[in-house]
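J.: One structure, pasted below without further comment.
Please treat every number below as a calculation from the coordinates, not as lab data. In this text, all values refer to a predicted model and were calculated from it rather than measured experimentally. Note that we place each Cβ from the backbone using ideal geometry, even for glycine, and neighbour counts take in every protein chain shown.
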Amino acid sequence: MDFYTRTKQFSLKEISPKAKQLDEDAVFPKEIFDKLGSEGYFSLLIPEAYGGEGKGLSEHAQVCMALAESSATVGLCYMMHNVALMCINNHGDESLKQKIFTDVVKNKKLLALAYSELGTGTHFYKPEISAKYTSTGVTLNGTKSMVTSANYASYYLVLSPAKEGEKLNNWIVPLEAKGLTFLLSQWDGLGMRANVSCPMEMTDLFLENEYKIGEDGSGIEQVFATVAPFFLTGLASVYSGLSADIYQEALQHATTRKYAQDLSLSHIETVQIHLSRLYTKMVGTRTLTFEAARSYDNQEADAVLKIIAARIFASEGAIESATIAMRVGGGKSYNKQTSLERLLRDSFASHIMAPSVDVLNIWLGKAVSGQQIP
Ligand SMILES: Cc1cc2nc3c(=O)[nH]c(=O)nc-3n(C[C@H](O)[C@H](O)[C@H](O)COP(=O)(O)OP(=O)(O)OC[C@H]3O[C@@H](n4cnc5c(N)ncnc54)[C@H](O)[C@@H]3O)c2cc1C
């Protein structure tokens, strides 16, 4: 059984029945993540030598998509864990890998990304927090603006200025580090409400050098070599999954809602056109996302272009699908009697998550015309 099918079974049983409640409660879905951990999903990308499954971008896409088809907010929290793990895998030294991978495999620990800041917003690779260096480590002061899985994840990747010039360092901050606090009361997201993506404050937070990922000053290379492909494919997968959820909900409504002694909405030609567009977006975003991941796993030259395209297509597709679906859902959906308004709210995170779709459209336009992107 492939990872998509296996995860789909998990999602239908463990997540779908709780999706509405997750949105209403706006708290981190601890029970679901404890189950994901105990079923081995946290180790999907950890190499077999460290006790993981040793899988790649294609399986990352399959799992994120299948989770998001039941709850996009669950898919998003999970996606970030995999991105952080891959950074350690591709750039961390042996002792850091041993320490973190063992903690994930044995103790089912979750990772998260604390990159964005208020001052630099969507340009998360330009941190402004302060980093004071000694021979043994760094002292961090400052605030990360939106940290998904806040307070539940056991480790947070943090980008800081390096010792010199424009360079960056990528750190791994343990939850129990002294000086770390989360402002959970500041989270009241429009959608993706189980993300609890609140600010994270670091006050005189000291980290020993062993918590630095990779060579000194290599943070920006890590962002473009590893964070970008896994994060963008993760987003493409989550928003493709959301489009599938929207399609299913609209189809269900269109085939069951009837006027007295009449046929269902799905017999009206305009509704048929809406369903056609929803199906096309679901299949199109899913197909491009899996193709981009396949292309990356096979080290093809245009893989990164396809990954950016998949992220743009899936994000725009989710918002367009949600808008069309609300028309199918009519007043019943407007009055929150279907889940379509929740899915519409979830879809609005897609454009703005860094790097935003606006920024990525510019990057892709530059890249295909042979110009340099950051
Ligand atoms: C649900 C959710 C979860 C998140 N989780 C995390 C997380 O776990 N970790 C994390 O680090 N961050 C996270 N973020 C933060 C996110 O990735 C962005 O950094 C943040 O949303 C940027 O917000 P901002 O208001 O500062 O955007 P701004 O930087 O103010 O940008 C606003 C808009 O301006 C436009 N814009 C800005 N600059 C340009 C440009 N140069 N070219 C074209 N258009 C431009 C873009 O359209 C952008 O959407 C999360 C965000 C959301 C919505």
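J.: Using only the Cα atoms of the range 3-110, construct the convex hull and provide its projected area averaged over every direction, in square nanometres to one decimal.
T.: Taking the Cα atoms of the range 3-110, their convex hull projects to 6.2 nm² on average.
J.: Also: Among TRP171, TRP187, which comes first, then next, by fewest other beta-carbon atoms within 10 Å?
T.: TRP187, TRP171
J.: Can you sort LYS132, LYS281 from fewest to most other Cβ atoms within 10 Å of each residue's own Cβ?
T.: Fewest-to-most ranking of LYS132, LYS281: LYS132, LYS281.
J.: Please compute the contact order of the range 14-93 in relative form: average sequence separation of alpha-carbon pairs under 8 Å and at least six residues apart, divided by the residue count, as a percent.
T.: 26
J.: Give me Rg/Rg_expected for the chain, where Rg uses Cα atoms only and Rg_expected = 2.2 N^0.38 Å with N residues.
T.: It is 1.00.
J.: Send over the semi-axes of the range 220-368's equivalent ellipsoid, whole angstrom and largest first, taken as the square roots of 5 times the C-alpha gyration tensor eigenvalues.
T.: 34, 15, 11
J.: If you don't mind, another one. THR102 to GLU166: FRET efficiency via 1/(1 + (r/R0)^6), r the Cβ-Cβ distance, R0 45 Å, to the nearest 0.05?
T.: With R0 = 45 Å, the Cβ-Cβ based efficiency is 0.85.
J.: Find the relative contact order for the chain and round it to a whole percent, using C-alpha pairs within less than 8 Å whose residues are 6+ positions apart.
T.: For the chain, the relative contact order is 18 percent.
J.: Within the set of other residues whose C-beta is less than 14 Å from the C-beta of ARG345, count the net charge using Lys and Arg as +1 and Asp and Glu as -1.
T.: Result for the neighbourhood of ARG345: -3.
J.: For GLU210 and MET1, compute 0.36 nm times the residue count separating them, minus their Cα-Cα distance, and round to one decimal in nm.
T.: In short, 71.3 nm is gained.
J.: Which of the helices in the chain meet the span-like rule: DSSP H, Cα axial reach of 30 Å or more, Kyte-Doolittle mean at least -1.0?
T.: 228-256, 269-297, 303-334
J.: Let me ask something else about it. Count neighbours as other Cβ atoms within 10 Å of each site's Cβ, and list the chymotrypsin sites (Phe, Trp or Tyr not before Pro) in the range 224-314 that are DSSP loop with at most 16 such neighbours.
T.: Answer in residue order: TYR259.
J.: Using a cut-off of 25 Å between alpha-carbon atoms, which lysines can reach LYS35, once sequence neighbours fewer than 8 places away in the same chain are excluded?
T.: The reachable lysines, counting only those whose Cα sits under 25 Å from LYS35, are LYS8, LYS13, LYS18, LYS20, LYS55, LYS97, LYS99, LYS106, LYS108, LYS109.
J.: At a Cα cut-off below 17 Å, give the lysines reachable from LYS281, other chains included and same-chain residues fewer than 8 away excluded.
T.: LYS306
J.: Let's test the formula: R0 of 22 Å, r as the Cβ-Cβ distance of ASP34 and LEU175. What FRET efficiency results, to the nearest 0.05?
T.: So, using R0 = 22 Å, E works out to roughly 0.90.
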